[in-house]
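The values are calculated or read from the model by the stated rules, or taken from the named source; none is laboratory data. Since the structure is predicted, the reported quantities are computational estimates derived from the model, not experimental observations. Ligands, DNA and RNA are excluded from the accessible area calculation, which covers all protein heavy atoms including side chains. Shrake-Rupley method; radii C 1.70, N 1.55, O 1.52, S 1.80 Å.
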Amino acid sequence: MSPKELNYIEDALGHENFLKTQCQDAAQNLQDPELKACAQQLQQKHQQIFDNIYNLV
């Protein structure tokens, strides 16, 4: 892979990690059970996407 392609992958991993962290923080602060569950599902989805990208490399 070229350095530019590796930079794209690094950026994608960073974005997914950021989104996962944001969802985790939201889930911890939400009181409504439905919203909390939604944020937790999004957190898991972003973790899966992160793992998929990471495993491709």
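Between 0 and 90 degrees, the angle of helix 33-56 with respect to the longest Cα principal axis of the chain falls at about 10 degrees. Taking the Cα atoms of the chain, the ratio Rg/Rh between the radius of gyration and the Kirkwood radius comes to 1.14. With protein chains left intact and a 1.4 Å probe, residues in the chain average 80 Å² of accessible area per residue.
Contact order, relative form, for the chain: 39 percent (alpha carbon pairs under 8 Å, 6 or more residues apart, mean separation divided by residue count). Helix 3-29 axis versus longest C-alpha principal axis of the chain: approximately 10°, rounded to the nearest ten.
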